[in-house]
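Asks: The structure that follows is given in the form of structure tokens.
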């Protein structure tokens, strides 16, 4: 399915995680160290995967950014680079302001990495959702390079394939496998509606036990 940007204002990671649990996908939330650069932003889009490996040198005339440039230049509207660095890490830093600027110009709607990011002030000014495994000033040159593109990866402890949906907010980030995305989103919207009803009844003073008995939502 194509991610609808309007759903980003309705859905949230907690309800999506609950629905994925119910569908038998209990390991779809990235580890808690993967955090948003700007907690006010929501990320929702289709994954494009990249895998990074540690390096320790650059040969003369070599372009250590070749594959990551290819991925960014190939991004389509609504897509999100998801970059696996084996994080948490204090060495692999794949993302910064210029990749953000280039991705935003292609219509990408965010970036996810379990590696480091830099240029945080500039990224926040661009209002581009970035989820990261840490912050530091390092360049990836001579430290890491992308070695695979659009292959299955594990990022933040979750298996991700290009085409899967990723949704992130202040609570964290979840990955919705492409083959169940339609059902997961439909169930999540139903659960949001049930939670709204539950909240309203709790606010008027109904007992939690009675409300839970009626709606089964907590």
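The values are calculated or read from the model by the stated rules, or taken from the named source; none is laboratory data. None of the values given here were measured: they were computed from a predicted structure. Cβ sites come from the backbone with ideal geometry, for glycine too, and all protein chains shown count toward neighbours.
Asks: Quick one: which of 27, 21, 90, 38 is assigned to a loop (DSSP other than H, G, I, E, B) and within 15 Å of residue 175 (Cα to Cα)?
Replies: One residue alone meets the criteria, 27.
Asks: Here is a check on your reading of the model: is residue 83 in contact with a helix residue (DSSP H, G or I) (Cβ under 9 Å, 6 or more places away or on another chain) and assigned to a strand (DSSP E or B)?
Replies: Spelling it out, residue 83 is indeed in contact with a helix residue (DSSP H, G or I) (Cβ under 9 Å, 6 or more places away or on another chain) and assigned to a strand (DSSP E or B).
Asks: Okay, moving on. Kindly list, by first and then second residue, each pair from a residue in segment 180-203 that is free of Cβ contacts under 8 Å to residues at least 60 places away in the same chain to a residue that is part of a helix (DSSP H, G or I), limited to pairs with Cβ atoms under 7 Å and residues at least 6 apart or on different chains.
Replies: If the second residue must be part of a helix (DSSP H, G or I), the pairs left are 194/215; 197/215; 198/211; 198/215; 201/211; 202/208; 202/211.
Asks: Please go through segment 21-48 and pick out each residue that is within 15 Å of residue 83 (Cα to Cα) and touching a helix residue (DSSP H, G or I) at 6+ places or on another chain (Cβ under 7 Å).
Replies: Across segment 21-48, the qualifying residue is only 48.
Asks: Assess whether residue 150 counts as being under 18 Å from residue 21 (Cβ atoms) and either surrounded by fewer than 24 Cβ atoms within 10 Å (Cβ to Cβ) or modelled with pLDDT of 95 or more (or both).
Replies: In short, no.
Asks: Provide a single number: the residues in segment 100-114 that are surrounded by fewer than 24 Cβ atoms within 10 Å (Cβ to Cβ) and farther than 19 Å from residue 169 by Cα.
Replies: The qualifying residues number 5.
Asks: Considering only segment 19-33, state which residues are in contact (Cβ under 8 Å) with a residue 12 or more places away in the chain, within 12 Å of residue 176 (Cα to Cα) and surrounded by 12 or more Cβ atoms within 10 Å (Cβ to Cβ).
Replies: Hits for segment 19-33 are 19, 20, 23, 25, 28, 29, 30.
Asks: Identify, by number, the condition in (1) within 17 Å of residue 7 (Cα to Cα); (2) modelled with pLDDT of 95 or more that residue 179 doesn't meet.
Replies: Only one criterion in (1) within 17 Å of residue 7 (Cα to Cα); (2) modelled with pLDDT of 95 or more is unmet by residue 179, namely (1).
Asks: Could you go through segment 147-155 and let me know if any residue there is farther than 20 Å from residue 49 by Cα and in contact (Cβ under 8 Å) with a residue 12 or more places away in the chain.
Replies: no
Asks: Say we look at segment 121-137 and pick out the residues that are without any contact (Cβ under 8 Å) to a residue 60 or more places away in the chain and over 12 Å from residue 95 (Cβ atoms); which of these is surrounded by the most Cβ atoms within 10 Å (Cβ to Cβ)?
Replies: 126
Asks: Looking only at residues that are part of a loop (DSSP other than H, G, I, E, B) and on the phi < 0 side of the Ramachandran plot in segment 57-71, which one is surrounded by the fewest Cβ atoms within 10 Å (Cβ to Cβ)?
Replies: My answer is 60.
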